[in-house]
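These notes are about the structure you will find just below.
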Amino acid sequence: MARILVTGGAGYIGSHTVVELQESGYDVVVVDNLSNSDVTVIDGIEAITGKRPNFENVDCNDYIGFDKVFDRYPDIVAVIHFAASKAVGESVEKPLLYYRNNIGSLVNLLELMQKHKVNNLVFSSSCTVYGQPDKDHLPVNETAPRKEALSPYGNTKHINEDIIFDQSHANKSLHATILRYFNPIGAHPSALIGELPNGVPNNLLPFITQTAVGLREQLKVFGNDYNTPDGSCIRDYIYVVDLAKAHVLAVNRMLEGKATDKVEVFNLGTGRGLSVLEIVNTFIKVTGVDLPYKIVGRREGDIEKVWADPTKANKVLGWKADTPTDEILLSAWKWELNLKKKRERK
Ligand code: UFG
């Protein structure tokens, strides 16, 4: 069976994708420098799938080390590139780190793919490239204009996409699929892999579960004076396992030669916008857990409302994110409880 190289495969979305790839029969080699992940994730993947992916502790910015990975696995037919720094706030403090990590790694990867004649790339992008879409672009589809980024992190995704467009024009053999994710949440139903935030979580769901489990005192809801029905921000929260499955379909499509454009772009979301307060209240309802929270001022740089029009991915990839919100939130909670058990055993 064909081998897929997954950069950042020990990370949150990466690890769930490795599981789905292996369950679809692919061999996988994970390249990850463990800068924001843990090698035990590889054990989790093995426990779920019964198969250990090959693991290479290599930084994608290390051209020579990365080159050797391609030498070691001459059967790689496609790459899924997740490896990147992803904290919006940190990117404002350390822009050069973000430009080096997120731009340098993609440039290395594209050079090495050309050198080793690997011609299929799936790239992790983000709905951040749309900024706050205008009223007539909500829900947002792939034709909505990309807007100037609000953070260095967002800018790296914008530049990454441009690099892929330019390189696919220059390298006639290259095919790429750009996947623009909305807000991934939840954990594998086995609770053997999930999100492992580094320090205080920035994202809503890990902050909720860590508060509910007693690691944080109180959740802060950033703003209730937005122009939305309950005043809190609206996002399109997508189950990470549904998201992972879209990567397998994107790889299949390229390998089967079905892609109609050299670079295809898909929005990956549910098509349903939920407010922060709806998420908080649903979490309390389905888990029955007490979740102390208070409304505070707006967080700088937050977008008021954005959700996806996933019609293109539904039709072209034959993919749909349809896991019910209750189930997704319960999976996140089950994962947090599992982490607690592990801490107590130590
Ligand atoms: N929120 C809170 N309290 C928290 C954390 C978040 O109220 O403690 C709110 C935010 O204000 C926002 C919503 O929950 O309204 C979602 O926030 P997240 O930080 O989870 O997600 P964002 O939509 O801000 O950011 C995500 C990704 C980024 C990506 C961006 C694109 O984390 O990588 O979507 O819009 F760039």
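The values are calculated or read from the model by the stated rules, or taken from the named source; none is laboratory data. Just so you know, these numbers come straight off a predicted model, no measurement behind them. Here Cβ is always computed from backbone atoms with ideal geometry, including for glycine, and neighbour counts include all displayed protein chains. Quick note on the areas: whole protein, heavy atoms, side chains included, nothing else; ligands and nucleic acids left out. Shrake-Rupley method; radii C 1.70, N 1.55, O 1.52, S 1.80 Å.
Within segment 315-346, which residues are hydroxyl-bearing (Ser, Thr, Tyr) and under 12 Å from residue 205 (Cβ atoms)?
Residues satisfying the conditions are 325, 331.
Regarding residue 70, is this residue closer than 13 Å to residue 6 by Cα, part of a helix (DSSP H, G or I) and touching a His at 6+ places or on another chain (Cβ under 6 Å)?
Considered against the rule, which asks whether it is closer than 13 Å to residue 6 by Cα, part of a helix (DSSP H, G or I) and touching a His at 6+ places or on another chain (Cβ under 6 Å), residue 70 comes out as yes.
Counting just the residues of segment 202-226 that are among the aliphatic types (A, V, I, L, M) and not in a loop (DSSP other than H, G, I, E, B), which one comes out most open to solvent (accessible area, probe 1.4 Å)?
Per the stated criteria, the residue is 204.
Please work out if residue 43 is open to solvent by less than 70 Å² (accessible area, probe 1.4 Å), out of contact with any Asp or Glu (no Cβ under 7 Å at 6 or more places or on another chain) and of a type outside the set (Val, Ile, Thr).
Here the answer is no, as residue 43 does not meet what is asked.
Please go through (1) open to solvent by less than 40 Å² (accessible area, probe 1.4 Å); (2) closer than 18 Å to residue 327 by Cα; (3) touching a Leu at 6+ places or on another chain (Cβ under 7 Å) for residue 284 and return the number of the only condition it doesn't satisfy.
(1)
Mind checking whether some residue in segment 238-255 is in a loop (DSSP other than H, G, I, E, B), modelled with pLDDT of 95 or more and either farther than 29 Å from residue 81 by Cβ or of a type outside the set (A, V, I, L, M) (or both)?
No; the residues of segment 238-255 include none that is in a loop (DSSP other than H, G, I, E, B), modelled with pLDDT of 95 or more and either farther than 29 Å from residue 81 by Cβ or of a type outside the set (A, V, I, L, M) (or both).
Tell me whether segment 115-125 contains one or more residues that are aromatic (Phe, Trp, Tyr) and either modelled with pLDDT under 95 or part of a strand (DSSP E or B) (or both).
yes
Which condition from (1) in contact with a helix residue (DSSP H, G or I) (Cβ under 7 Å, 6 or more places away or on another chain); (2) within 15 Å of residue 184 (Cβ to Cβ) is the one that residue 270 breaks?
Exception for residue 270: condition (1).
Looking only at segment 126-140, count every residue that is open to solvent by 10 Å² or more (accessible area, probe 1.4 Å), assigned to a helix (DSSP H, G or I) and within 16 Å of the ligand (Cβ to nearest atom) and tell me the total.
Adding up the residues that qualify gives 3.
Give segment 296-313 a look and list any residue that's outside any loop (DSSP other than H, G, I, E, B), surrounded by 15 or more Cβ atoms within 10 Å (Cβ to Cβ) and within 15 Å of the ligand (Cβ to nearest atom), or say none.
Correct list: 305, 308.
Given 47, 78, 149, which one is of a type in the set (A, V, I, L, M), at negative phi, touching a Ser or Thr at 6+ places or on another chain (Cβ under 9 Å) and not in a helix (DSSP H, G or I)?
Unique residue meeting the criteria: 149.
Scan segment 232-247 and give yes if some residue there is among the charged types (D, E, K, R), at negative phi and more than 16 Å from the chain's Cα centre (by Cα), otherwise no.
No, segment 232-247 contains no residue that is among the charged types (D, E, K, R), at negative phi and more than 16 Å from the chain's Cα centre (by Cα).
Every residue in segment 21-40 that is touching a residue at least 40 places away in the same chain (Cβ under 8 Å) and buried (at least 20 other Cβ atoms within 10 Å of the Cβ), please.
21, 26, 29, 31, 32, 33, 37, listed by residue number.
So, residue 237, is that one within 11 Å of the ligand (Cβ to nearest atom) and closer than 24 Å to residue 9 by Cα or not?
Judged against the criteria, residue 237 is a match.
If only one of 199, 231 is more than 8 Å from the ligand (Cβ to nearest atom), assigned to a loop (DSSP other than H, G, I, E, B) and either closer than 13 Å to residue 293 by Cβ or modelled with pLDDT of 95 or more (or both), which one is it?
Just one listed residue meets the conditions, 231.
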